[in-house]
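Working notes, beginning with the structure itself.
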Amino acid sequence: MACLLEAPLRISVLSEVTATSRHYVDRLFDPDPQKVQQGVIDMKNAVIGNNKQKANLIVLGAVPRLLYLLQQSSSSLELRTECAVVLGSLAMGTENNIKSLVDCHIIPALLQGLLCLDLVFIEACLRCLRTVFISPVTPVQLLYTDPTVIPHLMSLLSRSQRTQEYITQIFSHCCKTPEHQTVLFNHGAIQNIAPLLISPSYKVRMQALKCFSVLAYENTQVSMTLVNVLVDGELLSQVFVRMMQRDQPIEMQLTAAKCLTYMCRAGAIRTDDICIVLKTLPCLVRMCSKEHLLEERVEGAETLAYLMEPDVELQRIASTTDHLVAMLADYFKYPSSVSAITDIKRLDHDLKHAHELRQAAFKLYASLGSNDEDIRKKITETENMMDRIVSGLSESSIKVRLAAVRCLHSLSRSVQQLRTSFHDHAVWKPLMKLLQNAPDEVLVMASSTLCNLLLEFSPSKEPILESGVIELLCSLTQSDSPALRVNGIWALMNMAFQADQKVKVEIVRCLGTEQLFRLLSDPDTNVLMKTLGLLRNLLSTRPHIDQIMSSHGKQIMQAVTLILEAEHSIEVKEQTLCILANVADGNTAKELLMTNDDVLQKIKYYMGHSNVKLQLAATFCISNLIWNEEDGSQERQDKLREMGFVDILHKLTQASDPNLCDRAKTAMQQYLA
């Protein structure tokens, strides 16, 4: 019975709530236009600041009727404008309100309204469009569906300060992809928006600035154009520099710094330019100090990390500016129990978003420490830094975990840190845990870090090996993601370097010959190179070479032949010939080469190749096959002489490259001994 009661109860509550709102909607259908207009005005007053009332009116079907009235040419301009205002007010409610408005096709209706000549009506439509488009639930693609919309919006920029503010805000929120950047660029966004940077209205200047930051982001074409733009006789970059001055609002300083950062990263401004070194970088460092709001500190740190990511000189300058490395440590202590925040609402907000600070700090540390050994040392010596990274690896926020592992990866490039901090804090344990179940983005970074922890001088290598990592790495080599396949095979390659026979056998067993040969025909060159590197490391030291070739020799020779025949880079072919040189160094394995005339002919071909690296590697193969002190060397020398190898070696003793010349002479001596 209880189940039967539920539906009627819900309806009765709803009818009670909406009954008070019904008369507003009913008045929209009155035959008297004056009463309709008054009804819309009363509705406008009723919904201001009242989310409940907004939701009720949407449920009762006010939106389709308001849109109908807005689009009717028979409606007075006053009525159409009031309808746009009410719709704008409804849009300021919850995300569900926005979804309902979008579902009722509000966007095409308002865009159509922009064709009207009346400025007040245009501004009301734009204000509503702005509110709808800045919501995260609105599909931005709706702005680009009709190709006439963007040029029309550009033409409306000159109508008033309000049209300038709303349109630039719409553009900055709806420019999400390179395609969007191109559309806006092609329709003259730069020429039309640049003059707005010196508008008397702060709101207009600010929205124009935001527009340039989204247009320039990772876009060389836009950035290169911006460098040459003049605004009232002044270069645009200088306008941005002025906007970064300390007397400007923080939001403006930050956004101007982002514009210059993006132009620099896109190659339009040099990293050693004064506007970057003396203006942008110090401005961003300043944003990281604790007197700024949480979101300002986050944005400052993330933009700074992006600015200096590829440039070691900027990293060095930043690391010595305003005690940045120590300043970032405060990001982990926020908000503290004795926080100076007296605004409870602000404190509540910051507690919910404190993880963003940790994420930003990890990102900035990762960028700072990506090249310089001294900076890495400075970072790891910052109070509890390694503990913080270890904690970050198991945080609930996926973004913090990713930033923490990125930071760890950056520090893992240091031999010294691998031998000290990484070992002392056993970072491999949380890293292995992270690898068990994580999204691809985290897996890529975590497996990259693991590659470094498996280098032969890393004390973590042994405990990682004992933790059963081989299976996990072999599973990564089967991933659809090329980056994960590369990292899986790279880690196995590092693991196989100077490894015991037991480890090598386990790698081959776990990976399986089928998968190994699948990787040798991988379309991704990096995967192929690392697989060849793994094979080369597996085939080192004679007993290992002989054992692996006795069980897998046929397939290995087949794979090698295919690679040498196919269209591959010099690096790939060189690595393949080096594998053959290792096979030629085996005791019993070298017979697989000697009985394979096809492979011997290929070695002969590469000895006469125009590339010295390939000639060297091929000559090395022959040198190993004819070495005097080994059983059967005479027979091998005789066969290779018959095949014309001695003539080629003789020619190579005259080679202009000293290494090749020496290698050929050493090989020739085996015949003369």
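The values are calculated or read from the model by the stated rules, or taken from the named source; none is laboratory data. Quick caveat: nothing in here was measured; it's all calculated off a predicted structure. Neighbour counts run over all protein chains shown; Cβ positions are idealised from the backbone, glycine included. Protein only, heavy atoms only, side chains kept; ligands, DNA and RNA dropped before computing areas. Shrake-Rupley method; radii C 1.70, N 1.55, O 1.52, S 1.80 Å.
Some observations on this one:
- Count of segment 28-37 residues which are open to solvent by less than 90 Å² (accessible area, probe 1.4 Å) and more than 11 Å from Cys83 (Cβ to Cβ): 3
- Residue check, Met668 closer than 19 Å to Leu564 by Cα, surrounded by fewer than 18 Cβ atoms within 10 Å (Cβ to Cβ) and over 49 Å from the mean Cα position of the chain (by Cα): no
- The one condition from (1) among the aliphatic types (A, V, I, L, M); (2) more than 28 Å from His292 (Cβ to Cβ); (3) surrounded by fewer than 19 Cβ atoms within 10 Å (Cβ to Cβ) that Ile250 does not meet is (2).
- Residues of segment 419-430 that are open to solvent by less than 50 Å² (accessible area, probe 1.4 Å) and either within 13 Å of Glu462 (Cα to Cα) or free of Cβ contacts under 8 Å to residues at least 12 places away in the same chain (or both): Ala426, Trp428.
- Screening Lys377 on (1) at pLDDT below 90; (2) surrounded by fewer than 21 Cβ atoms within 10 Å (Cβ to Cβ); (3) assigned to a helix (DSSP H, G or I) shows it passes everything except condition (1).
- Cβ pairs under 9 Å, 6+ apart, first in segment 300-312 and within 14 Å of Val285 (Cβ to Cβ), second open to solvent by 40 Å² or more (accessible area, probe 1.4 Å) and outside any helix (DSSP H, G or I): Leu307/Thr271; Met308/Thr271
- Number of the condition not met by Leu157 [criteria: (1) over 30 Å from the mean Cα position of the chain (by Cα); (2) over 24 Å from Ser135 (Cα atoms); (3) among the aliphatic types (A, V, I, L, M)]: (2)
- Being within 19 Å of Glu381 (Cβ to Cβ), of a type outside the set (Lys, Arg) and in contact with a Lys or Arg (Cβ under 6 Å, 6 or more places away or on another chain) is true of Ser414.
- Taken together, Leu580, Leu535 contain a single residue that is surrounded by 15 or more Cβ atoms within 10 Å (Cβ to Cβ), aliphatic (A, V, I, L, M) and over 35 Å from the mean Cα position of the chain (by Cα), which is Leu580.
- Qualifying residue in segment 340-348 (condition: in a helix (DSSP H, G or I), of a type outside the set (Val, Ile, Thr) and in contact with a helix residue (DSSP H, G or I) (Cβ under 8 Å, 6 or more places away or on another chain)): no
- Helices (runs of 4 or more DSSP H) wholly inside segment 568-616 that include at least 3 residues being more than 18 Å from Met529 (Cβ to Cβ): 590-594, 597-607
- Qualifying residue in segment 77-84 (condition: over 19 Å from Ala46 (Cβ atoms) and not in a helix (DSSP H, G or I)): no
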